[in-house]
Amino acid sequence: MKKVRYIFVTGGVASSLGKGVSIASIGALLEARGFSVTIQKMDPYINIDPGTMSPFQHGEVYVTEDGAETDLDLGYYERFTSANLGRENSVSTGQIYHSVISRERRGEYLGRTVQVIPHITNEIKNRIQLLAQMNPELDFVLVEIGGTVGDIESVPFLEAIRQFRLDQGGDSTMFIHLTLVPSITDGGEIKTKPTQHSVKELLKQGIQPDILICRTALPLDADVKEKISLFCNVTASRVFSAPDIDHTIYEIPQIFHSENLDEEIIRYFRIENKSGEYLMNLNPMLSKWDQVVDVFRNPRRHVKIAVVGKYMALHDAYRSLYEALTHGGFPRHIAVDFIKIDSEKVEADNYRDLLKDAQGILVPGGFGERGVEGKLLAIRFARENKIPYFGICLGMQCAVIEFARNVLGFKDAHSTEFDPDSSHPVISLMEEQTSVVNKGGTMRLGAYPCKLREGSLIADCYMQPQIQERHRHRFEFNNKFRAAFEKAGMLLTGLSPDETLVETVELDRNLHPFFVGTQYHPEFKSKPLSPHPVFTRFIEKSAGL
Ligand code: GLN
């Protein structure tokens, strides 16, 4: 079996320093050197998963191929690397306790007292090791410990990784600590004290960091690095700065590379080739990241996309969606600017004004009735004015409702999610779903295959007859209405292979230049190095190309 190396990333001083993006960027650099990596997130909250949390609190729920509802950081991991993540990559305190308590109820602890050490910490360690057991080809397992060092919640995780190093030895484990190095006044004196305290906090848990990555406004100079090195007991060559970025998070792999972070990781683990030299080969993949960054630096044109949704105040609530739209501009060097519109504020007397600058309109996924009427107004505006439209999940369902009401003349058409008594329930629960009552984990989740009608707009985007995309919803297009929609020009061009489920809808090309709805969430599969074809086409059409 290959020797697998573990890199643990903790965060200190403040939350939201970008641990997820940092660890994903390290993953990208290791992959660029030819290593196989996976990334795991440890979330200290008690929820089993974020599936039932409000996007306002926790940002979007990221769905993996195998249908796990996970933290949005997994989205960064998949966008920056080619790792295929699944349920095992997302761990929460809730899951850990749930499995330990279930085992206790089954009597598997044979009468022993069940305790945080060793039972909870063992369970955490097992979860870390599971990934390498499942994939013996892995070179690196990167583990992000959520939260900030010093939080009560993260203590068992820190204890578990401390033990992990004791079990595995220092030559296969590394601790990276991401901290903040602020300056009191703009461009003024740089303060290392918070970092010193944060490292002390880690030391209290028995963890001496091997590498420090310091978030700063500007790159740290040698003197500051020396000072941090001295006080934190980390060699100066292993103190890195992560300065604020100019354009895009996709610069971060290059920034880390220019600071030699990837090289230091290779040295630390003493990864050598057969002749005993460190594996320092140049980075073939970095040129691709260069191209991505170049689009941000030198866009050839801009396009304005209106996103009409419920959680507009928090960018993270639709994180993957904004990323996918941005990637969609890459092939033609188009910078995508967002017009964020709160659907609850869209009314009959203001929608024209709100949408007047939009070159393309997108309605994202969502739950609950709030704002639905505003979304319907925006969709009608896009349909009637031939503005490119892309509806995702609820955005597709709303496009179906709008068409039913305003084209087919079914005035009370609705989804049974919002109006169970509608006489035209164009979106409804499948028969077999009607008995479902639990809220968590009761949806159609994860990847399902879908076949595309030859010659359709959507098939032209993908350029293949069958695709596989990720879902997260309960309600479906109601098959009773298929014929009526097709006849009037809303074509049901993507179906499940057994043809029982409608997966995509589109307006006949003679009626509209680009009007597409997908029951699935394509945004989860878009990456900067391989933008998603439907987003790419949507952006091109919106830019008038
Ligand atoms: N609320 C809708 C459903 O459950 C749509 C879900 C979504 O947009 N993700 O089917």
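The values are calculated or read from the model by the stated rules, or taken from the named source; none is laboratory data. Treat the numbers as computed from the prediction; the structure is a model and nothing was measured. All Cβ positions, glycine included, derive from the backbone under ideal geometry; neighbour counts span all protein chains shown.
Could you tell me whether the stretch 405-414 includes any residue that is within 15 Å of the ligand (Cβ to nearest atom) and modelled with pLDDT of 95 or more? For the stretch 405-414, residues within 15 Å of the ligand (Cβ to nearest atom) and modelled with pLDDT of 95 or more: present. Taking the stretch 300-419 as the region of interest, the strands (runs of 3 or more DSSP E) fully inside it that hold 2 or more residues being β-branched (Val, Ile, Thr) are 301-309, 334-342, 360-363.
For the stretch 12-62, which residues satisfy the criterion of being outside any loop (DSSP other than H, G, I, E, B), at pLDDT below 90 and of a type in the set (S, T, N, Q)? Can you show your working first?
Taking the stretch 12-62 as the starting set, the residues that turn out to be outside any loop (DSSP other than H, G, I, E, B) are 19-32, 37-43, 50-52, 55-58, 62.
Next, only the ones that are at pLDDT below 90 stay: 32, 50-52, 55-58.
Correct list: Thr52, Gln57.
The single condition among (1) at pLDDT 95 or above; (2) closer than 30 Å to Phe256 by Cα; (3) out of contact with any Phe, Trp or Tyr (no Cβ under 8 Å at 6 or more places or on another chain); (4) part of a helix (DSSP H, G or I) that Glu65 does not satisfy is (4). Scanning the stretch 356-398 for residues that are among the polar types (S, T, N, Q) and either more than 23 Å from Phe410 (Cβ to Cβ) or under 26 Å from the mean Cα position of the chain (by Cα) (or both) returns Gln359, Gln397.
Scanning the stretch 70-85 for residues that are under 8 Å from the mean Cα position of the chain (by Cα) and among the hydrophobic types (A, V, I, L, M, F, W, C) returns Leu72, Leu74.
Taking the listed residues Glu88, Glu137, the one that is farther than 20 Å from Glu323 by Cβ, among the charged types (D, E, K, R) and in a loop (DSSP other than H, G, I, E, B) is Glu137, with no other qualifying. Residues that are of a type outside the set (D, E, K, R), out of contact with any Pro (no Cβ under 8 Å at 6 or more places or on another chain) and not in a helix (DSSP H, G or I) within the stretch 221-249 comprise Asn233, Thr235, Val239, Phe240, Ala242, Ile245, His247, Thr248, listed in sequence order. Within the stretch 327-360, if we keep just the residues that are without any contact (Cβ under 8 Å) to a residue 60 or more places away in the chain and among the polar types (S, T, N, Q), the residue that is farthest from Pro55 (Cα to Cα) turns out to be Asn350. Contact map, the stretch 468-482: first residue closer than 15 Å to Leu408 by Cα and among the charged types (D, E, K, R), second residue in a strand (DSSP E or B) and more than 8 Å from the ligand (Cβ to nearest atom), Cβ cut-off under 7 Å, separation 6 or more or different chains; pairs are Arg482/Leu492.
Quick check on the stretch 140-195: of everything there that is assigned to a loop (DSSP other than H, G, I, E, B) and among the polar types (S, T, N, Q), which residue is farthest from Asn47 (Cα to Cα)? Lay out the reasoning, then the answer.
At the first step, the residues of the stretch 140-195 found to be assigned to a loop (DSSP other than H, G, I, E, B) are 146-154, 169, 181-182, 184-189, 191-192.
Applying the additional criterion that residues be among the polar types (S, T, N, Q) yields 148, 154, 185, 192.
Values: Thr148: 18, Ser154: 14, Thr185: 39, Thr192: 35 Å.
Top of the filtered list is Thr185.
Pairs meeting the criteria (first residue in the stretch 298-319 and closer than 16 Å to Glu523 by Cα, second residue among the β-branched types (Val, Ile, Thr) and assigned to a loop (DSSP other than H, G, I, E, B), beta carbons under 7 Å, at least 6 apart or on different chains) are Val308/Val346.
The conditions of being within 16 Å of the ligand (Cβ to nearest atom), aromatic (Phe, Trp, Tyr), touching a Leu at 6+ places or on another chain (Cβ under 7 Å) and under 25 Å from Glu60 (Cα atoms) are not met by Phe418. Summed over the stretch 471-510, residues that are outside any helix (DSSP H, G or I) and in contact with a Leu (Cβ under 8 Å, 6 or more places away or on another chain) total 22. Among the residues of the stretch 91-108, which ones are of a type outside the set (S, T, N, Q) and either crowded, with 16+ Cβ neighbours inside 10 Å or not in a loop (DSSP other than H, G, I, E, B) (or both)? Those that are of a type outside the set (S, T, N, Q) and either crowded, with 16+ Cβ neighbours inside 10 Å or not in a loop (DSSP other than H, G, I, E, B) (or both): Val91, Gly94, Ile96, Tyr97, His98, Val100, Ile101, Arg103, Glu104, Arg105.
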